[in-house]
Structures are given as C-alpha cells and as structure tokens.
Amino acid sequence: MHFPSPCLLSALVLLLPSQVIARVTRMVVETRTPASEARYLKLTGRCWGELDPDHALNGIINDLRLAPRNAHGKVEYSATFTLLLPADPAKMSGLLLYEVPNRGNSPLNARTFADDTTAGHALLSSGWQGDLVPRPGIETLTVPVARNADGSSLEGPVLARLSNLAAGGHTASLTSGFAGLAYQRPTTLDTSKALLTRQASDDGQVVAIPSADWAFADCSETPFPGRADPTKICLKGGFSADVLYQVVYTAKDPLVLGIGLAATRDIVSFFRHARHDDDGTPNPLAARIRHAIGSGTSQSGNFVKTMIHLGFNQDEDGRRVWDGVNANIAARLTPLNFRFAIPGGAAGLFEPGSEGVLWWGPYKDEVRHRKTASLLDRCRATRSCPKIMETFGSAEFWGLRMAPGLAGTDGAADIPLPAEVRRYYFPGVTHGGGGGGFRILEAGPAARNCLLPENPNSTAEVMRALRKALIEWVVKGDPPPPSVYPRVDRGELVPPVHQAMGFPVIPGVPLPDNLANGFPIYDFGPGFRDADLSGVISVQPPVVRGTVPMVVPRTDADGNEVGGVPLVLNQAPLGSYLGWNVTASGYQKGRGCGFSGGLIPFARTKAERLERGDPRLSIEERYGTHEGYVAGVRAAARRLVEMHLLLDEDARRLVREADASQVLR
C-alpha cells in the first residue's frame, strides 16, 4: 500500500475542513455604515463560537466543564463586534488593531483614529465581558451558566460594598459596578440567611444591621419592606451618605465569564486568518492581515495582561494572536476567571485583582509565599509572546497598586524588564492623563468630590507617538525608544510619605501621607488560585493575612515627580502635578480620591508666594516673561521629539498653544 509523504499529508490537512478545538463558527454582519469621511466602512455584527472544555488550551477557564454542551460536546458563546476597514480593499495596510472594550465601551464607537485610518489599518473590537446588560453602543458577550452535573444550581458567597449613597434613600442597587448585570442572584430573599453591616470608615467598627430592618427589595415606590427584588436592598431607616454598607449573601447560577478570554482569542484569530465561517460567509479581512496588535486601557489593559498571563495569546492552531500589545494604565489583572467574578472592579477593599502575578520579569514573591513566576511564563513556553508596550502614570501608583509590578512585593529592588517589554511612565498625571492646556488655575474645589483642582497634565501626545512606535516595532522591527520609568536603584521609588518623597510642605495644602491605596494580602479560601486569579472563592469577606509595602515616585522641591517621560508640563510646570487627590466628603473623606490626580498651582508672583508662605518659586520668578515661558515649552517639546516620544506636529501645536495662553501676559 502506498502512503503519502508527510509533506503531502500536511498539505492535505490544510485543505480539509477545519477540525479545530476552539473557533468562531458563524459571523453575521448586521450593519454597514460609512466612516472617516466615507474612506472607511464600519461593520457591526455578532460572532458565534464554540469551545472544547477538555482541550488543554481551554482547561484554565473556570467552570467551563460545568457549562452546558451542544450536540458536538462543545460549549457555545456569542459576542458582538465592531470592525472598521478601508472602503477600498487595495488601501488596507495589512495591520489589524484590536481595541479591547472597557466595560463594554469600545473606543471605535467613541472617537476617530485619524492616524490609523490614514494608514489604512483595520480596527476591531468585540465583546468579552459576559456580565454586562446588552444595550446599544456597547460590546457584549453571551455565555452560559455553570451548573452541577445533576443540573442543580452552583452556589457560593458573594460580597457587595455600597457607599456614597443618597442620604435618606431607602433603596440601593446590588447591580455590579460600572453598569454590570446583577447575575449574582441570592438563593433566598430571607435576610436572616445574609448579613448587612455598616461602618464609618475602613478601619472603623463593623456594626451588623438586624435582618428585620432590611430586605432584598425595592422601596422606591412602596414603603418598607417594599417590593421583593433580588437585585436591590431596602433599609428600613434609610441610608447615610457617609457610611459604608456591606452585604454578604449566598448566590446561585454563576456565569462562565472566563469564556471572554477564549472568545477574544478566537475572534481575533478568525478575522486575522479565516477565509469564511462555517456557513460560507466571507471574512471581510480574509487574506489581508499580516500583523495584529491589541490595545487596552485601564480595565481593558488589565484584560490584555490577563490574556497573556493565562496563555490566550496562542490560538488553536498554535499561532500567535497578537504580535504586539499596549497595556495602558493597567496595574492589575482582570478579576474575570473565577466563580461569581465581577470584572468591573477597581481595586477597592476586598476586591480581587492584585492577587496574581504582576510583573513581566521572573520574580520570587516571598512576601506572599509564592514561587518565582512572571506574566510571560505561559507564552514563553509556547513561543507566543507578543512585543509589549506598558504605559502608565502616577495615579496607578497611588490608586491601583502599581508598585509591585516594578519592584516586587517587598519594594526592595527593580525587577528587570524582559527584552520584549518596553515601559514608559508618565510622572504627575491623573488616571489616563489630563486634558492639557497652559492655563494658570486657581486653587479651589474640584470635580468628582476631590479637594484639589483637576490635574491637566496630558499624556495624549506622547501616547500618540508611542502608538506609532509600537506599530513600527511590530511591522518593521524598528526598536521603540528605550524604556523610561522610576527605579529603586536610582532612589526614585520611596515610601508614600512626604518626608521620604521630598514633597514640600505648603501652607493650607494637604500632604500625600496615608493617601496611597493599601495592598492587603487576602485569603479567599482554598479553592482560589491566587497566582492565576482563577478558581472558586469560598470566604467572603476574605481574611486579611497581611499587607504589601508600597512605594511611589520621589518628588523634587516643587512636588513634581522625578523619573519617567519628561512631559512638557513637567519640564515647564505651572504647579505641582499630582497622581493623588483627597476626597472632600462622604465615606472616604480625607482619603485618596479614587484615581483622580490633583494640581497645586504655583503663585503668579513673588509677592503672592511670600504672602502665602509657599516655598515653591512663583511663575514670574521661574520664567520672567510670557516669552520666557513659551521658550521653556519649546525646549521641553524639542527634548521629547529628540527622544522620539513626541511627533513634530504635536510639538509645534503645543508651542502654539503656549504662545496663545495667558501665562505671564
């Protein structure tokens, strides 16, 4: 008998219908509209896919084996998507840019990517968060409920924290944060089987509220005990605005949210490689994509890191999913792949997210008694690691526990960056950067219930240059600018108190002491796999086993941070630009104000400075004249251009804006 050669067998396999393990089976385009002045098409629609729970690629997805299966033994899901592509296929660049939605909000629905559309790149977003309520304009994912083998409901403890409620209101929603779906339904509405507590501060006394004084109910139209509602609680005496309420109860029917990782993997792979779906519907990008880059900001940046850490940057055929990624302002992992997860959290007390591996290079976490590990362990084993660009700013140190990603859980030494990682730090910025501009702001009340004015220090211009650099790194192999970030070995990372930081004492202005978000070490029970942020939580609230010491960037005599990318306003400052702020009222009064950075303006003149007792030089003393300030901005912009961290056209625009400003007019 004649057997075909191995090479011929390989060729025949490629020609056979795909027998893949995890894949998109169907793709439907629902709308087609012109975009970018009709140079582009915007397609929206839905993808259907299926996963083999028994395959090694999917084995890490929590509760996947407990999800219902179709006739082929696979678990099904569906996800919405948005795709932007050139109207003229001949103008397609060959690059697919995947923008990870943040709580369902796709950047593709919010702004125009002029640089990307001019270059002919394709842009894609799709749903990955299965707990979101479907609504127009957001990307969603439909996933199954996990159940016991006999069909009965899975149960487990969940915790909800409610603060800054309307004073005197009687009803509060248990809907998960950031517009999520309250899928964590209680097994019973009997409040004697749950616990509601109140406390005046995180370290204050916890007082239990009698079960007869509250209900799983809506009292907005009906007096207590109201109308029964498993998604809300009603308090007999009404809520207080400056008190934290915490409810712990047993929930049932968890969604298999970890499917979002595999769905993203397979949707990107489909648009990148497939000719058509199982019904013969052609892929709009078929045979036109050579490279793919994934980008995420904040929650979606955490998702990018989680994808890499848990091994989802390799598709079912062993191919790399993303050739490059940008994880922007992402300090943690996404709390997604465990039972009763809520992926929309944001580093609040008792919220999972910082328990996993947080560093790109190998590090032994002795503080938490963990073995040596890195975010790249799985992709290194499969040779599927992408080129990585990490970008973040000061607020991530203060509000999101960024420090261990740089200096480990002991803060004692820098963790070396691997060759495929670049890191760019933006000193003295709020979460995501400010709105920019060269206005002289007066001290006064700020938005979002913070004491200090909002920080205008912008990162947008540098991010634009870095996005271009990442694309050239992936497509052409041109190395991006060297990493720029604060380091322990240069004395640039110190404890978060003003003496260690070198932060000036300014009359009438708060100090940064005790404002950094703490880093508790939680014990969620034996079924929770901390390093992978996966598994089953059995202890709520978690037991606190200790804390991780934190470090933050050192400052100069002006209160501005040293180390990192020298942003224009850091080089030509009009005040102290902070990654922290102070809560003005409510439960967190006097503590850090979320992820909002503040501004402490300089005095305009020497006389004004002396009258205030401000140790920082005034604007007049620094620059002399308006022309002197513009010259400072021009020099700052030139330096960034020389570092390849600012585009020429943005440098010219910044100088024009400074010249048009009222600084020292």
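Going by a ≥ b ≥ c, the root eigenvalues of the Cα gyration tensor, does the stretch 287-437 fall in the rounded group (a/c under 1.5), the prolate group (a/b larger than b/c) or the oblate group? Note, shape of the stretch 287-437 comes out rounded. Calculated FRET efficiency, GLU30 to ALA87, Cβ-Cβ distance, R0 = 22 Å: about 0.75 to the nearest 0.05.
First select every other residue whose beta carbon is under 12 angstrom from the beta carbon of PHE426; then total the charges, Lys and Arg +1, Asp and Glu -1. Don't jump to the answer; show the numbers that get you there.
On the way: positive: ARG423; negative: GLU390, GLU396, GLU461, GLU561.
Result for the neighbourhood of PHE426: -3.
Local charge for SER596 was computed over the other residues whose Cβ lies under 9 Å away, with Lys and Arg +1 and Asp and Glu -1, and equals 0. Straight Cα distances below 15 angstrom link LYS387 to the aspartates and glutamates ASP323, ASP377, GLU420, GLU472, ASP478, with same-chain residues fewer than 8 positions distant left out. For the stretch 320-366, would you read off the P(r) tail past 16 Å as a percentage of all alpha carbon pairs? Taking all Cα-Cα pairs of the stretch 320-366, the fraction more than 16 Å apart is 53 percent.
Return one whole number: the accessible area per residue of the stretch 241-367 in Å², for a 1.4 Å probe.
Numbers: 3120 Å² over 127 residues.
Heavy-atom accessible area per residue stands at 25 Å².
Using the Cα coordinates of the stretch 352-450, the gyration tensor eigenvalues translate into equivalent-ellipsoid semi-axes of 32, 17, 11 Å, sorted from longest to shortest.
After finding the eigenvalues of the alpha carbon gyration tensor for the chain, what semi-axes result from the square roots of 5 times each, listed largest first in whole Å?
Details: eigenvalues 331, 246, 105 Å².
Working through the eigenvalues yields semi-axes of 41, 35, 23 Å.
Among SER354, SER220, the order of accessible area from largest down is SER220, SER354, computed with a 1.4 Å probe on protein heavy atoms. Gain on full extension, evaluated as 0.36 nm per residue between LYS589 and LYS364 minus their Cα-Cα distance, stands at 77.3 nm.
Along the chain, counting only GluC sites (Glu not before Pro) with a DSSP assignment other than H, G, I, E or B and at most 10 other Cβ atoms inside a 10 Å radius, the longest segment between sites is 443-665. Anything over 26 Å Cα to Cα? Flag those among LYS232/LYS305; LYS252/LYS364; LYS364/LYS468; LYS305/LYS371; LYS252/LYS305, in the order listed. With Cα atoms farther than 26 Å apart: LYS232/LYS305; LYS252/LYS364; LYS364/LYS468; LYS252/LYS305.
Rolling a 1.4 Å probe across all protein chains gives ASP229 an accessible area of roughly 20 Å².
Backbone geometry of the stretch 604-618 corresponds, through the Karplus equation with coefficients 6.51, -1.76 and 1.60 at θ = phi - 60°, to 3J(HN,Hα) couplings of 6, 10, 5, 4, 5, 4, 5, 5, 7, x, 7, x, 8, 4, 6 Hz, x marking Gly and Pro. What percent of all Cα-Cα pairs in the stretch 76-184 falls into each 10 Å bin, going from 0 up to the bin containing the maximum distance? Whole-percent P(r) values from 0 Å outward: 12, 29, 26, 18, 10, 3, 0. Inter-label distance, VAL539 to ASN514: 2.7 nm, where each label sits 7 Å from its Cα along the C-beta direction. Considering the stretch 473-599 at the alpha-carbon level, its Rg and Dmax are found to be 19.0, 53 Å. Indicate the gyration tensor shape class of the stretch 218-277 (rounded, prolate or oblate), computed on the Cα atoms with a ≥ b ≥ c the square roots of the eigenvalues: a/c under 1.5 is rounded; otherwise a/b larger than b/c is prolate and the rest oblate. Prolate.
Once each part is reduced to its C-alpha centroid, what is the distance from the stretch 50-93 to the stretch 335-369 in angstrom? Centre-to-centre distance over Cα atoms comes out at 25 Å. For the stretch 153-246, the square roots of the Cα gyration tensor eigenvalues, ordered a ≥ b ≥ c, give a/c below 1.5, which places it in the rounded category.
The values are calculated or read from the model by the stated rules, or taken from the named source; none is laboratory data. Not measured: the values here are computed from a predicted model. Please note: Cβ atoms are built from the backbone with ideal geometry, for glycine as well, and neighbour counts cover all protein chains shown. Keep in mind that these areas ignore ligands, DNA and RNA; they rest on the heavy atoms of the full protein, side chains included. Shrake-Rupley method; radii C 1.70, N 1.55, O 1.52, S 1.80 Å.
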